[in-house]
Amino acid sequence: MMADEEPSATTADANPVNEPLDMVRLSLSEVVFVKLRGDRELQGRLHAYDNHCNLVLGEVEETVYVVDDEEAGDEIRTVKKNSEMLF
């Protein structure tokens with residue numbers, strides 16, 4: 001680089017996602033999809049989070065997938081629950 005040239009933007013400056021929690025920060029106030037253990041999923045608006053990945057979601061729809069083993073038919077049914085706010 002020549003002495004009179006300005007340094008170009010680094011890739012860290014160009015990309016707002018440098019760490020995993022940066023993606024969560026960018027999703028504040030957006031509807032997010034969270035997949036949990038135990039065949040559970042959450043979909044809701046992200047209100048807050050912390051460094052431990054605890055989330056506060058509003059207008060949440062929880063989906064639980066239940067496998068009914070009726071004579072090895074393995075029928076999957078879904079159970080949906082709605083919550084105003086979830087931590």
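General observations
- Residues listed by number, the range 19-60, amide nitrogen under 14 Å from residue 76 label point at 7 Å toward C-beta: 36, 38-41
- Here the translational diffusion coefficient of the range 20-86 follows from Stokes-Einstein with Rh set to the Kirkwood radius across Cα pairs; for 4 °C and 1.567 mPa s it amounts to 98 µm²/s.
Just so you know, all these numbers are worked out from the coordinates, no wet-lab data involved. Remember, it's a predicted structure, so these values are computed and weren't measured experimentally. Quick reminder, even Gly has a Cβ in these numbers, built from the backbone with ideal geometry, and neighbours come from all protein chains shown.
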